[in-house]
1. How big is the Cα convex hull of the protein assembly as shown in projection, averaged over all directions, in nm²?
2. Taking beta carbons within 10 Å but only from partner chains, what does the mean come to for residues A:218-230?
3. To the nearest 10 degrees, how steep is helix B:140-153 against the longest Cα principal axis of chain B, on a 0 to 90 scale?
4. Would you calculate a helix-derived [θ] at 222 nm for chain B, using -39,500 (n - 2.57) for each DSSP H run of n ≥ 4 and dividing by the full residue count, to the nearest 500?
5. Could you work out the local net charge near B:Gly213, counting Lys and Arg as +1, Asp and Glu as -1, over the other residues with Cβ closer than 12 Å to its Cβ?
6. Scan region B:161-251 for trypsin sites (Lys or Arg not before Pro) in coil per DSSP, keeping those whose Cβ has at most 11 other Cβ atoms within 10 Å, and list them by number.
7. Would you tell me the mean number of C-beta atoms belonging to other protein chains that fall within 10 Å of each C-beta in B:64-73, as a whole number?
8. Take peptide A:71-79, look around each residue's Cβ out to 10 angstrom, count Cβ atoms belonging to other protein chains, and average those counts.
Amino acid sequence: MSKKIYVLAAIVLALMFLTPFLGIIPIHWQTIFKSNPSSFVFWQLRVPRTILGFVAGSILALSGLVCQNLFKNDLATPDLLGISSGAAAGAVLALKFNLLVSFIGFGGLILFSYLGALSSVFFVLLISRMVRNSSLYTFLMCGVALNFFYSALIVFFQYLFDFSNTFSLLRWLMGGISVVGYREIAFLGMLLFIFLFFVFLFKQEFLLASAGDHFAQSRGLHVARFRIYSFLGLAFIVGAVVSICGPIGFIALIVPHVARIWGQSNFHETVILSLLLGGGFLVLADFFARILMPPVEVPVGIITSLFGAPFFLILIISKLKKVE
Amino acid sequence: MIKAAHVSYQIGNKSILQNVDFSLNENDFLLIFGPNGAGKSTILKLMAGILTTKQGGIFIGRKNILLCSKKELATHVAYLPQFDEFNLPMLVKDILLSGRYPYGSLFKKYSRRDYELFDKTVERFELADFVDRNMLTLSGGERKKVLLASAFIQDVPLILLDEPLNFLDPSSAIQVVKMLKEMHEQGKTILLVSHLIQYFFPIANKMLALKNGQTQYFGEKRFSASLFHDIYQVSVKRLMIDSKEIIYIHE
(Lines give C-alpha, C1' and ligand atoms only; values in the text may rest on other atoms or scores of the structure.)
Protein backbone atom coordinates (compact mmCIF):
# COMPACT_ATOMS: atom_id res chain seq x y z
CA MET A 1 0.00 0.00 0.00
CA SER A 2 1.42 3.29 -0.95
CA LYS A 3 1.32 6.55 0.93
CA LYS A 4 -1.23 8.01 -1.49
CA ILE A 5 -3.84 5.60 -0.24
CA TYR A 6 -3.36 6.52 3.41
CA VAL A 7 -3.51 10.21 2.61
CA LEU A 8 -6.63 9.76 0.53
CA ALA A 9 -8.25 7.57 3.18
CA ALA A 10 -7.57 10.26 5.78
CA ILE A 11 -9.07 12.95 3.56
CA VAL A 12 -12.19 10.91 2.83
CA LEU A 13 -12.63 10.06 6.51
CA ALA A 14 -12.26 13.70 7.48
CA LEU A 15 -14.79 14.62 4.82
CA MET A 16 -17.23 12.08 6.17
CA PHE A 17 -16.81 13.33 9.73
CA LEU A 18 -17.17 16.96 8.78
CA THR A 19 -19.96 17.09 6.23
CA PRO A 20 -22.78 15.98 8.59
CA PHE A 21 -22.02 19.01 10.78
CA LEU A 22 -22.17 21.44 7.89
CA GLY A 23 -25.20 22.58 5.95
CA ILE A 24 -27.92 25.19 5.95
CA ILE A 25 -28.31 24.50 9.63
CA PRO A 26 -24.83 24.07 11.04
CA ILE A 27 -24.76 21.59 13.87
CA HIS A 28 -22.58 22.05 16.89
CA TRP A 29 -20.76 18.94 17.97
CA GLN A 30 -21.87 19.37 21.57
CA THR A 31 -25.53 19.04 20.64
CA ILE A 32 -25.43 15.73 18.83
CA PHE A 33 -25.69 13.56 21.92
CA LYS A 34 -28.59 15.50 23.37
CA SER A 35 -32.18 15.04 22.47
CA ASN A 36 -33.07 18.01 20.30
CA PRO A 37 -33.93 18.81 16.65
CA SER A 38 -30.27 19.20 15.77
CA SER A 39 -29.37 15.74 16.91
CA PHE A 40 -32.34 14.37 14.97
CA VAL A 41 -31.17 16.09 11.80
CA PHE A 42 -27.66 14.86 12.50
CA TRP A 43 -28.39 11.20 13.20
CA GLN A 44 -31.47 10.61 11.11
CA LEU A 45 -30.74 12.73 8.06
CA ARG A 46 -27.16 13.72 7.60
CA VAL A 47 -25.20 10.78 8.95
CA PRO A 48 -27.13 8.14 6.98
CA ARG A 49 -26.80 10.32 3.90
CA THR A 50 -23.06 10.57 4.26
CA ILE A 51 -22.65 6.86 4.81
CA LEU A 52 -24.95 6.04 1.93
CA GLY A 53 -23.05 8.48 -0.27
CA PHE A 54 -19.79 6.73 0.51
CA VAL A 55 -21.15 3.23 0.05
CA ALA A 56 -23.06 4.00 -3.16
CA GLY A 57 -20.15 5.97 -4.62
CA SER A 58 -17.64 3.24 -3.95
CA ILE A 59 -19.91 0.53 -5.34
CA LEU A 60 -20.48 2.55 -8.50
CA ALA A 61 -16.77 3.23 -8.91
CA LEU A 62 -15.86 -0.42 -8.40
CA SER A 63 -18.53 -1.53 -10.82
CA GLY A 64 -17.06 0.77 -13.43
CA LEU A 65 -13.61 -0.68 -12.85
CA VAL A 66 -14.89 -4.22 -13.15
CA CYS A 67 -16.90 -3.40 -16.27
CA GLN A 68 -13.89 -1.83 -17.91
CA ASN A 69 -11.90 -4.96 -17.26
CA LEU A 70 -14.65 -7.25 -18.53
CA PHE A 71 -15.30 -5.19 -21.65
CA LYS A 72 -11.60 -4.58 -22.23
CA ASN A 73 -12.49 -0.95 -22.77
CA ASP A 74 -11.88 1.99 -20.51
CA LEU A 75 -15.15 3.66 -21.44
CA ALA A 76 -17.35 0.78 -20.27
CA THR A 77 -19.78 1.16 -17.39
CA PRO A 78 -22.62 -1.02 -16.08
CA ASP A 79 -24.99 1.30 -17.94
CA LEU A 80 -23.80 -0.37 -21.14
CA LEU A 81 -25.68 -3.47 -20.09
CA GLY A 82 -28.85 -1.48 -19.57
CA ILE A 83 -28.81 -1.77 -15.79
CA SER A 84 -29.65 1.89 -15.12
CA SER A 85 -32.31 2.22 -17.79
CA GLY A 86 -33.88 -1.04 -16.66
CA ALA A 87 -34.00 0.25 -13.12
CA ALA A 88 -35.53 3.51 -14.34
CA ALA A 89 -38.19 1.64 -16.30
CA GLY A 90 -39.03 -0.34 -13.17
CA ALA A 91 -39.27 2.86 -11.18
CA VAL A 92 -41.62 4.37 -13.75
CA LEU A 93 -43.90 1.36 -13.56
CA ALA A 94 -43.96 1.51 -9.77
CA LEU A 95 -44.71 5.23 -9.72
CA LYS A 96 -47.25 5.29 -12.52
CA PHE A 97 -49.24 2.31 -11.41
CA ASN A 98 -48.83 3.17 -7.79
CA LEU A 99 -47.51 -0.23 -6.94
CA LEU A 100 -47.43 -0.06 -3.19
CA VAL A 101 -46.18 -3.51 -2.41
CA SER A 102 -43.35 -3.98 -0.03
CA PHE A 103 -40.98 -6.79 0.66
CA ILE A 104 -38.87 -7.15 3.79
CA GLY A 105 -39.26 -3.47 4.37
CA PHE A 106 -38.32 -2.25 0.93
CA GLY A 107 -40.99 -0.23 -0.83
CA GLY A 108 -42.46 -0.74 -4.26
CA LEU A 109 -40.27 1.84 -5.95
CA ILE A 110 -37.02 0.23 -4.84
CA LEU A 111 -38.35 -3.24 -5.47
CA PHE A 112 -39.53 -2.60 -8.99
CA SER A 113 -36.50 -0.67 -10.06
CA TYR A 114 -34.34 -3.49 -8.72
CA LEU A 115 -36.36 -5.95 -10.78
CA GLY A 116 -35.98 -3.64 -13.77
CA ALA A 117 -32.22 -3.57 -13.35
CA LEU A 118 -32.07 -7.36 -13.13
CA SER A 119 -34.38 -7.77 -16.11
CA SER A 120 -31.98 -5.98 -18.40
CA VAL A 121 -29.08 -8.27 -17.58
CA PHE A 122 -31.44 -11.22 -17.78
CA PHE A 123 -32.29 -10.24 -21.35
CA VAL A 124 -28.67 -9.61 -22.23
CA LEU A 125 -27.72 -13.06 -20.98
CA LEU A 126 -30.68 -14.74 -22.64
CA ILE A 127 -29.86 -13.26 -26.02
CA SER A 128 -26.17 -13.98 -25.78
CA ARG A 129 -27.06 -17.56 -24.82
CA MET A 130 -29.05 -17.98 -28.02
CA VAL A 131 -26.01 -17.11 -30.09
CA ARG A 132 -23.28 -19.70 -30.24
CA ASN A 133 -19.85 -18.24 -29.58
CA SER A 134 -21.32 -15.01 -28.26
CA SER A 135 -18.67 -12.37 -28.02
CA LEU A 136 -18.35 -9.10 -26.19
CA TYR A 137 -19.92 -7.54 -29.23
CA THR A 138 -23.13 -9.50 -28.60
CA PHE A 139 -23.34 -8.19 -25.04
CA LEU A 140 -22.71 -4.68 -26.20
CA MET A 141 -25.36 -4.80 -28.92
CA CYS A 142 -27.95 -6.26 -26.56
CA GLY A 143 -27.18 -3.58 -24.03
CA VAL A 144 -27.53 -0.79 -26.59
CA ALA A 145 -30.86 -2.17 -27.84
CA LEU A 146 -32.19 -2.56 -24.29
CA ASN A 147 -31.16 0.96 -23.39
CA PHE A 148 -33.18 2.32 -26.29
CA PHE A 149 -36.11 0.07 -25.52
CA TYR A 150 -36.31 1.04 -21.86
CA SER A 151 -35.88 4.73 -22.62
CA ALA A 152 -38.78 4.53 -25.05
CA LEU A 153 -40.83 2.70 -22.46
CA ILE A 154 -40.18 5.42 -19.88
CA VAL A 155 -41.15 8.23 -22.23
CA PHE A 156 -44.18 6.28 -23.40
CA PHE A 157 -45.58 5.85 -19.90
CA GLN A 158 -44.85 9.46 -19.15
CA TYR A 159 -46.76 10.50 -22.21
CA LEU A 160 -49.66 8.13 -21.77
CA PHE A 161 -50.57 8.80 -18.18
CA ASP A 162 -51.36 11.87 -16.14
CA PHE A 163 -48.61 14.12 -14.96
CA SER A 164 -49.24 13.73 -11.26
CA ASN A 165 -46.19 11.62 -10.64
CA THR A 166 -43.98 13.26 -13.19
CA PHE A 167 -42.09 15.33 -10.70
CA SER A 168 -41.21 12.48 -8.38
CA LEU A 169 -40.19 10.41 -11.38
CA LEU A 170 -38.02 13.17 -12.77
CA ARG A 171 -36.49 13.59 -9.35
CA TRP A 172 -35.76 9.87 -9.21
CA LEU A 173 -34.17 9.89 -12.66
CA MET A 174 -31.79 12.64 -11.62
CA GLY A 175 -30.41 10.50 -8.86
CA GLY A 176 -30.25 11.43 -5.24
CA ILE A 177 -29.31 10.01 -1.90
CA SER A 178 -31.64 11.92 0.34
CA VAL A 179 -34.50 9.97 1.85
CA VAL A 180 -33.14 6.74 3.16
CA GLY A 181 -32.99 4.88 6.41
CA TYR A 182 -30.36 2.72 7.99
CA ARG A 183 -31.93 -0.41 6.54
CA GLU A 184 -30.94 0.55 3.01
CA ILE A 185 -27.48 1.47 4.22
CA ALA A 186 -27.00 -1.87 5.91
CA PHE A 187 -28.14 -3.61 2.74
CA LEU A 188 -25.79 -1.67 0.47
CA GLY A 189 -22.95 -1.91 2.96
CA MET A 190 -23.28 -5.66 2.93
CA LEU A 191 -23.26 -5.66 -0.86
CA LEU A 192 -20.13 -3.52 -0.87
CA PHE A 193 -18.34 -6.06 1.31
CA ILE A 194 -19.46 -8.94 -0.85
CA PHE A 195 -18.42 -7.02 -3.94
CA LEU A 196 -14.97 -6.28 -2.57
CA PHE A 197 -14.53 -9.87 -1.49
CA PHE A 198 -15.30 -11.12 -4.99
CA VAL A 199 -13.16 -8.50 -6.71
CA PHE A 200 -10.14 -9.58 -4.69
CA LEU A 201 -11.00 -13.26 -4.94
CA PHE A 202 -11.18 -13.05 -8.72
CA LYS A 203 -8.38 -10.58 -9.17
CA GLN A 204 -6.46 -12.84 -11.51
CA GLU A 205 -9.55 -13.64 -13.55
CA PHE A 206 -10.35 -9.96 -14.02
CA LEU A 207 -6.81 -9.28 -15.14
CA LEU A 208 -6.87 -12.17 -17.58
CA ALA A 209 -10.25 -11.16 -18.98
CA SER A 210 -8.96 -7.67 -19.64
CA ALA A 211 -5.88 -9.01 -21.40
CA GLY A 212 -7.91 -10.56 -24.20
CA ASP A 213 -10.13 -13.57 -24.72
CA HIS A 214 -7.65 -15.84 -26.43
CA PHE A 215 -4.91 -14.99 -24.02
CA ALA A 216 -7.17 -15.68 -21.06
CA GLN A 217 -8.36 -18.96 -22.52
CA SER A 218 -4.86 -20.13 -23.16
CA ARG A 219 -4.20 -19.52 -19.48
CA GLY A 220 -7.08 -21.78 -18.57
CA LEU A 221 -9.84 -19.28 -17.87
CA HIS A 222 -13.25 -19.94 -19.36
CA VAL A 223 -13.68 -16.27 -20.22
CA ALA A 224 -17.19 -16.44 -21.64
CA ARG A 225 -18.53 -18.16 -18.53
CA PHE A 226 -16.63 -15.86 -16.20
CA ARG A 227 -17.99 -12.82 -17.98
CA ILE A 228 -21.59 -14.00 -17.79
CA TYR A 229 -21.40 -14.72 -14.05
CA SER A 230 -19.71 -11.39 -13.46
CA PHE A 231 -22.42 -9.52 -15.35
CA LEU A 232 -25.05 -11.27 -13.29
CA GLY A 233 -23.29 -10.36 -10.06
CA LEU A 234 -22.82 -6.77 -11.22
CA ALA A 235 -26.53 -6.45 -11.97
CA PHE A 236 -27.41 -7.59 -8.45
CA ILE A 237 -25.03 -5.14 -6.83
CA VAL A 238 -25.34 -2.12 -9.11
CA GLY A 239 -29.08 -2.68 -9.50
CA ALA A 240 -29.42 -2.30 -5.74
CA VAL A 241 -27.56 1.01 -5.77
CA VAL A 242 -29.51 2.39 -8.69
CA SER A 243 -32.84 1.32 -7.25
CA ILE A 244 -32.09 3.12 -3.99
CA CYS A 245 -30.24 6.19 -5.26
CA GLY A 246 -31.38 6.50 -8.85
CA PRO A 247 -28.97 6.53 -11.74
CA ILE A 248 -26.00 8.61 -10.63
CA GLY A 249 -23.95 9.43 -13.64
CA PHE A 250 -20.26 9.53 -14.31
CA ILE A 251 -18.83 7.97 -11.17
CA ALA A 252 -18.52 4.54 -12.78
CA LEU A 253 -16.84 6.08 -15.81
CA ILE A 254 -14.55 8.65 -14.33
CA VAL A 255 -13.32 7.29 -11.00
CA PRO A 256 -11.64 4.12 -12.33
CA HIS A 257 -9.74 6.33 -14.78
CA VAL A 258 -8.27 8.44 -12.03
CA ALA A 259 -7.66 5.37 -9.91
CA ARG A 260 -5.78 3.66 -12.70
CA ILE A 261 -3.57 6.66 -13.26
CA TRP A 262 -2.79 7.01 -9.55
CA GLY A 263 -2.60 3.31 -8.90
CA GLN A 264 -0.11 2.81 -11.72
CA SER A 265 -1.88 -0.34 -12.88
CA ASN A 266 -1.31 -2.12 -9.59
CA PHE A 267 -4.58 -4.00 -9.19
CA HIS A 268 -4.95 -3.81 -5.41
CA GLU A 269 -4.14 -0.14 -5.30
CA THR A 270 -6.46 0.62 -8.19
CA VAL A 271 -9.31 -1.16 -6.42
CA ILE A 272 -8.75 0.62 -3.11
CA LEU A 273 -8.30 3.96 -4.84
CA SER A 274 -11.53 3.47 -6.80
CA LEU A 275 -13.34 2.70 -3.58
CA LEU A 276 -12.02 5.76 -1.76
CA LEU A 277 -12.33 8.14 -4.68
CA GLY A 278 -15.81 6.98 -5.63
CA GLY A 279 -17.07 7.18 -2.07
CA GLY A 280 -15.37 10.49 -1.37
CA PHE A 281 -16.56 12.02 -4.61
CA LEU A 282 -20.20 11.17 -3.96
CA VAL A 283 -20.06 12.40 -0.36
CA LEU A 284 -18.61 15.68 -1.57
CA ALA A 285 -21.07 15.98 -4.45
CA ASP A 286 -23.97 15.34 -2.09
CA PHE A 287 -22.64 17.96 0.28
CA PHE A 288 -22.67 20.49 -2.55
CA ALA A 289 -26.12 19.28 -3.55
CA ARG A 290 -27.32 20.26 -0.08
CA ILE A 291 -25.67 23.64 0.23
CA LEU A 292 -25.55 25.01 -3.30
CA MET A 293 -29.02 26.58 -3.58
CA PRO A 294 -30.78 26.36 -0.21
CA PRO A 295 -33.49 25.57 0.54
CA VAL A 296 -33.69 23.71 -2.78
CA GLU A 297 -31.67 20.58 -2.96
CA VAL A 298 -29.96 19.97 -6.28
CA PRO A 299 -30.18 16.30 -7.30
CA VAL A 300 -26.77 14.80 -6.78
CA GLY A 301 -26.79 13.14 -10.21
CA ILE A 302 -26.76 16.59 -11.73
CA ILE A 303 -23.75 17.61 -9.65
CA THR A 304 -21.71 14.50 -10.43
CA SER A 305 -22.29 14.87 -14.16
CA LEU A 306 -21.94 18.65 -14.18
CA PHE A 307 -18.56 18.52 -12.45
CA GLY A 308 -17.61 15.08 -13.65
CA ALA A 309 -17.83 15.77 -17.37
CA PRO A 310 -15.45 18.75 -17.53
CA PHE A 311 -13.06 17.08 -15.10
CA PHE A 312 -13.08 13.98 -17.24
CA LEU A 313 -12.32 16.02 -20.35
CA ILE A 314 -9.48 17.85 -18.64
CA LEU A 315 -8.07 14.54 -17.52
CA ILE A 316 -8.23 13.02 -20.99
CA ILE A 317 -6.76 16.09 -22.66
CA SER A 318 -3.87 16.30 -20.22
CA LYS A 319 -3.24 12.59 -20.69
CA LEU A 320 -3.20 12.97 -24.47
CA LYS A 321 -0.94 16.00 -24.21
CA LYS A 322 1.56 13.94 -22.27
CA VAL A 323 1.59 11.36 -25.04
CA GLU A 324 2.48 14.02 -27.60
CA MET B 1 2.61 -37.27 -28.27
CA ILE B 2 0.39 -34.70 -29.95
CA LYS B 3 -1.96 -35.74 -32.66
CA ALA B 4 -4.41 -34.01 -34.97
CA ALA B 5 -6.61 -36.77 -36.37
CA HIS B 6 -8.55 -36.06 -39.56
CA VAL B 7 -9.48 -32.57 -38.47
CA SER B 8 -11.95 -30.57 -40.55
CA TYR B 9 -13.49 -27.24 -39.75
CA GLN B 10 -16.14 -25.11 -41.40
CA ILE B 11 -17.56 -21.65 -40.90
CA GLY B 12 -21.05 -21.76 -42.37
CA ASN B 13 -20.63 -23.49 -45.70
CA LYS B 14 -17.06 -22.41 -46.10
CA SER B 15 -14.57 -25.13 -45.49
CA ILE B 16 -11.53 -23.85 -43.61
CA LEU B 17 -9.70 -27.11 -42.92
CA GLN B 18 -10.13 -30.43 -44.65
CA ASN B 19 -8.95 -33.65 -43.14
CA VAL B 20 -5.73 -32.33 -41.64
CA ASP B 21 -3.87 -35.18 -40.08
CA PHE B 22 -0.51 -35.19 -38.33
CA SER B 23 1.20 -36.37 -35.23
CA LEU B 24 4.23 -35.12 -33.37
CA ASN B 25 6.64 -36.53 -30.86
CA GLU B 26 7.91 -34.86 -27.78
CA ASN B 27 10.39 -32.09 -28.45
CA ASP B 28 9.44 -31.71 -32.10
CA PHE B 29 9.56 -28.25 -33.61
CA LEU B 30 6.84 -28.01 -36.25
CA LEU B 31 6.77 -25.14 -38.69
CA ILE B 32 3.34 -24.56 -40.23
CA PHE B 33 3.32 -22.41 -43.33
CA GLY B 34 1.05 -21.60 -46.22
CA PRO B 35 -0.56 -18.64 -47.96
CA ASN B 36 -3.02 -16.34 -46.20
CA GLY B 37 -6.33 -18.06 -45.61
CA ALA B 38 -4.83 -21.54 -45.72
CA GLY B 39 -6.17 -22.36 -42.25
CA LYS B 40 -2.89 -22.07 -40.34
CA SER B 41 -4.25 -19.98 -37.48
CA THR B 42 -7.36 -22.15 -37.36
CA ILE B 43 -5.45 -25.35 -36.74
CA LEU B 44 -3.53 -23.61 -33.97
CA LYS B 45 -6.73 -22.33 -32.36
CA LEU B 46 -8.25 -25.78 -32.55
CA MET B 47 -5.20 -27.20 -30.80
CA ALA B 48 -5.42 -24.50 -28.16
CA GLY B 49 -9.06 -25.34 -27.51
CA ILE B 50 -10.21 -21.89 -28.53
CA LEU B 51 -12.14 -23.28 -31.48
CA THR B 52 -13.74 -26.68 -31.36
CA THR B 53 -14.78 -29.11 -34.06
CA LYS B 54 -16.62 -32.39 -34.09
CA GLN B 55 -14.95 -33.59 -37.26
CA GLY B 56 -11.79 -35.24 -36.18
CA GLY B 57 -10.05 -34.70 -32.91
CA ILE B 58 -6.97 -33.28 -31.26
CA PHE B 59 -5.21 -35.60 -28.88
CA ILE B 60 -2.59 -34.93 -26.27
CA GLY B 61 -1.22 -38.27 -25.22
CA ARG B 62 -4.33 -40.38 -25.55
CA LYS B 63 -6.78 -37.78 -24.39
CA ASN B 64 -9.05 -35.79 -26.66
CA ILE B 65 -8.66 -32.18 -25.66
CA LEU B 66 -12.43 -31.69 -25.86
CA LEU B 67 -12.59 -33.73 -22.67
CA CYS B 68 -10.21 -31.41 -20.83
CA SER B 69 -11.42 -28.44 -18.85
CA LYS B 70 -9.91 -25.13 -19.90
CA LYS B 71 -7.77 -25.15 -16.80
CA GLU B 72 -6.51 -28.66 -17.37
CA LEU B 73 -5.73 -27.88 -21.00
CA ALA B 74 -3.71 -24.88 -19.89
CA THR B 75 -1.40 -27.20 -17.97
CA HIS B 76 -0.59 -28.96 -21.25
CA VAL B 77 -0.65 -26.23 -23.87
CA ALA B 78 0.41 -22.60 -24.01
CA TYR B 79 -0.88 -20.51 -26.88
CA LEU B 80 0.32 -17.11 -28.03
CA PRO B 81 -2.21 -15.46 -30.32
CA GLN B 82 -1.12 -13.50 -33.36
CA PHE B 83 -2.58 -10.25 -32.12
CA ASP B 84 -2.56 -9.37 -28.47
CA GLU B 85 -5.37 -7.16 -27.37
CA PHE B 86 -3.98 -5.20 -24.47
CA ASN B 87 -6.03 -2.03 -24.12
CA LEU B 88 -5.86 -1.57 -20.40
CA PRO B 89 -2.77 -0.96 -18.32
CA MET B 90 -1.42 -4.07 -16.69
CA LEU B 91 1.87 -4.84 -15.02
CA VAL B 92 4.35 -7.15 -16.71
CA LYS B 93 4.65 -8.94 -13.37
CA ASP B 94 0.95 -9.83 -13.47
CA ILE B 95 1.17 -11.06 -17.06
CA LEU B 96 4.11 -13.29 -16.24
CA LEU B 97 2.47 -14.68 -13.13
CA SER B 98 -0.71 -15.39 -15.07
CA GLY B 99 1.22 -18.29 -16.57
CA ARG B 100 0.79 -19.98 -13.20
CA TYR B 101 -2.95 -19.38 -13.14
CA PRO B 102 -3.95 -22.88 -14.31
CA TYR B 103 -2.15 -24.41 -11.34
CA GLY B 104 -3.88 -22.32 -8.70
CA SER B 105 -7.14 -22.88 -6.90
CA LEU B 106 -9.88 -20.42 -6.12
CA PHE B 107 -8.43 -19.34 -2.79
CA LYS B 108 -4.76 -20.02 -3.26
CA LYS B 109 -3.66 -18.45 -6.48
CA TYR B 110 0.09 -18.72 -6.29
CA SER B 111 2.41 -20.94 -4.33
CA ARG B 112 6.03 -20.50 -3.37
CA ARG B 113 7.04 -22.67 -6.33
CA ASP B 114 5.18 -20.33 -8.65
CA TYR B 115 7.21 -17.39 -7.42
CA GLU B 116 10.42 -19.38 -7.73
CA LEU B 117 9.61 -20.17 -11.34
CA PHE B 118 8.79 -16.52 -11.84
CA ASP B 119 12.18 -15.43 -10.50
CA LYS B 120 13.97 -18.05 -12.55
CA THR B 121 12.25 -16.99 -15.76
CA VAL B 122 12.85 -13.31 -15.15
CA GLU B 123 16.52 -14.07 -14.71
CA ARG B 124 16.80 -16.41 -17.69
CA PHE B 125 15.18 -14.02 -20.15
CA GLU B 126 16.65 -10.88 -18.59
CA LEU B 127 13.34 -9.27 -17.80
CA ALA B 128 14.28 -7.73 -14.46
CA ASP B 129 13.98 -4.20 -15.85
CA PHE B 130 10.48 -4.88 -17.11
CA VAL B 131 8.61 -6.56 -14.27
CA ASP B 132 7.27 -3.37 -12.71
CA ARG B 133 6.48 -1.73 -15.99
CA ASN B 134 3.13 -1.32 -17.60
CA MET B 135 2.40 -3.61 -20.53
CA LEU B 136 1.14 -0.64 -22.58
CA THR B 137 4.46 1.15 -22.37
CA LEU B 138 6.46 -1.71 -23.89
CA SER B 139 7.54 -1.87 -27.51
CA GLY B 140 6.19 -4.63 -29.73
CA GLY B 141 9.35 -6.67 -29.31
CA GLU B 142 9.46 -6.29 -25.55
CA ARG B 143 5.83 -7.27 -25.34
CA LYS B 144 6.38 -10.43 -27.36
CA LYS B 145 9.32 -11.34 -25.14
CA VAL B 146 7.18 -10.94 -22.05
CA LEU B 147 4.36 -13.02 -23.53
CA LEU B 148 6.76 -15.73 -24.57
CA ALA B 149 8.29 -15.75 -21.11
CA SER B 150 4.82 -16.06 -19.61
CA ALA B 151 4.27 -19.15 -21.75
CA PHE B 152 7.54 -20.47 -20.38
CA ILE B 153 6.39 -19.85 -16.81
CA GLN B 154 3.26 -21.81 -17.67
CA ASP B 155 5.65 -24.77 -17.76
CA VAL B 156 3.77 -26.81 -20.32
CA PRO B 157 5.23 -29.34 -22.76
CA LEU B 158 3.52 -27.85 -25.81
CA ILE B 159 3.78 -24.24 -27.00
CA LEU B 160 1.71 -22.90 -29.89
CA LEU B 161 2.73 -19.67 -31.55
CA ASP B 162 0.95 -17.69 -34.23
CA GLU B 163 3.26 -15.40 -36.22
CA PRO B 164 5.44 -14.53 -33.23
CA LEU B 165 7.57 -12.15 -35.29
CA ASN B 166 4.75 -9.95 -36.54
CA PHE B 167 5.65 -6.25 -36.43
CA LEU B 168 9.06 -6.92 -34.89
CA ASP B 169 12.24 -5.23 -35.98
CA PRO B 170 15.12 -7.55 -36.95
CA SER B 171 16.91 -7.33 -33.62
CA SER B 172 13.77 -8.07 -31.61
CA ALA B 173 12.90 -10.84 -34.04
CA ILE B 174 16.26 -12.46 -33.50
CA GLN B 175 15.89 -12.22 -29.73
CA VAL B 176 12.50 -13.93 -29.94
CA VAL B 177 13.90 -16.64 -32.19
CA LYS B 178 16.71 -17.17 -29.67
CA MET B 179 14.19 -17.53 -26.86
CA LEU B 180 12.29 -20.08 -28.89
CA LYS B 181 15.43 -22.03 -29.64
CA GLU B 182 16.24 -22.11 -25.97
CA MET B 183 12.79 -23.38 -25.08
CA HIS B 184 13.13 -26.06 -27.72
CA GLU B 185 16.45 -27.11 -26.26
CA GLN B 186 14.75 -27.28 -22.88
CA GLY B 187 12.59 -30.06 -24.28
CA LYS B 188 9.46 -28.18 -25.25
CA THR B 189 7.39 -29.21 -28.22
CA ILE B 190 6.77 -26.21 -30.42
CA LEU B 191 4.17 -25.60 -33.11
CA LEU B 192 4.71 -22.39 -34.94
CA VAL B 193 2.80 -20.67 -37.70
CA SER B 194 4.84 -18.24 -39.75
CA HIS B 195 5.49 -17.02 -43.26
CA LEU B 196 9.00 -16.14 -42.22
CA ILE B 197 10.52 -19.42 -43.28
CA GLN B 198 13.93 -17.80 -43.48
CA TYR B 199 13.91 -17.52 -39.68
CA PHE B 200 12.25 -20.76 -38.74
CA PHE B 201 13.09 -23.31 -41.40
CA PRO B 202 16.63 -23.75 -40.09
CA ILE B 203 15.50 -24.49 -36.52
CA ALA B 204 12.42 -26.61 -37.20
CA ASN B 205 12.59 -30.39 -37.56
CA LYS B 206 9.12 -31.04 -38.96
CA MET B 207 6.98 -29.06 -41.30
CA LEU B 208 3.35 -28.82 -42.33
CA ALA B 209 2.43 -27.02 -45.53
CA LEU B 210 -1.20 -25.98 -45.87
CA LYS B 211 -3.07 -24.59 -48.83
CA ASN B 212 -6.82 -23.99 -49.01
CA GLY B 213 -7.25 -25.99 -45.84
CA GLN B 214 -5.55 -29.05 -47.21
CA THR B 215 -2.26 -30.61 -46.28
CA GLN B 216 0.31 -30.23 -49.04
CA TYR B 217 3.08 -31.77 -47.05
CA PHE B 218 3.64 -33.09 -43.60
CA GLY B 219 6.72 -34.80 -42.35
CA GLU B 220 10.38 -34.37 -41.60
CA LYS B 221 11.74 -31.04 -42.61
CA ARG B 222 13.26 -31.12 -46.03
CA PHE B 223 14.12 -28.34 -48.35
CA SER B 224 11.98 -28.53 -51.46
CA ALA B 225 12.02 -25.59 -53.83
CA SER B 226 9.05 -27.00 -55.71
CA LEU B 227 6.94 -27.25 -52.51
CA PHE B 228 7.70 -23.65 -51.59
CA HIS B 229 6.87 -22.63 -55.12
CA ASP B 230 3.56 -24.49 -54.99
CA ILE B 231 2.67 -22.78 -51.76
CA TYR B 232 3.87 -19.24 -52.24
CA GLN B 233 4.46 -18.91 -56.01
CA VAL B 234 7.91 -17.52 -55.38
CA SER B 235 11.21 -19.22 -55.72
CA VAL B 236 12.92 -20.00 -52.45
CA LYS B 237 16.58 -20.85 -52.39
CA ARG B 238 18.93 -22.32 -49.91
CA LEU B 239 22.55 -21.53 -49.23
CA MET B 240 24.91 -23.31 -46.92
CA ILE B 241 27.42 -21.01 -45.30
CA ASP B 242 29.74 -22.46 -42.68
CA SER B 243 27.37 -25.41 -42.37
CA LYS B 244 24.55 -22.96 -41.58
CA GLU B 245 21.36 -23.11 -43.59
CA ILE B 246 20.33 -19.80 -45.13
CA ILE B 247 16.91 -19.65 -46.73
CA TYR B 248 16.02 -16.73 -48.91
CA ILE B 249 13.39 -15.67 -51.37
CA HIS B 250 14.72 -15.07 -54.80
CA GLU B 251 12.74 -13.17 -57.40
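1. 31.9 nm²
2. 5
3. With rounding to tens, the tilt is 80 degrees.
4. -8500 deg cm²/dmol
5. That works out to +3.
6. Qualifying residues, ordered by number: B:Arg222.
7. Neighbouring Cβ atoms belonging to other protein chains average 2 per residue here.
8. Counting other chains' Cβ atoms within 10 Å and averaging over A:71-79 gives 1.
The values are calculated or read from the model by the stated rules, or taken from the named source; none is laboratory data. As the structure is a computational prediction, the values presented were derived from the model and not from experiment. Quick reminder, even Gly has a Cβ in these numbers, built from the backbone with ideal geometry, and neighbours come from all protein chains shown. Accessible surface areas use protein heavy atoms only, side chains included; no ligands, DNA or RNA. Shrake-Rupley method; radii C 1.70, N 1.55, O 1.52, S 1.80 Å.
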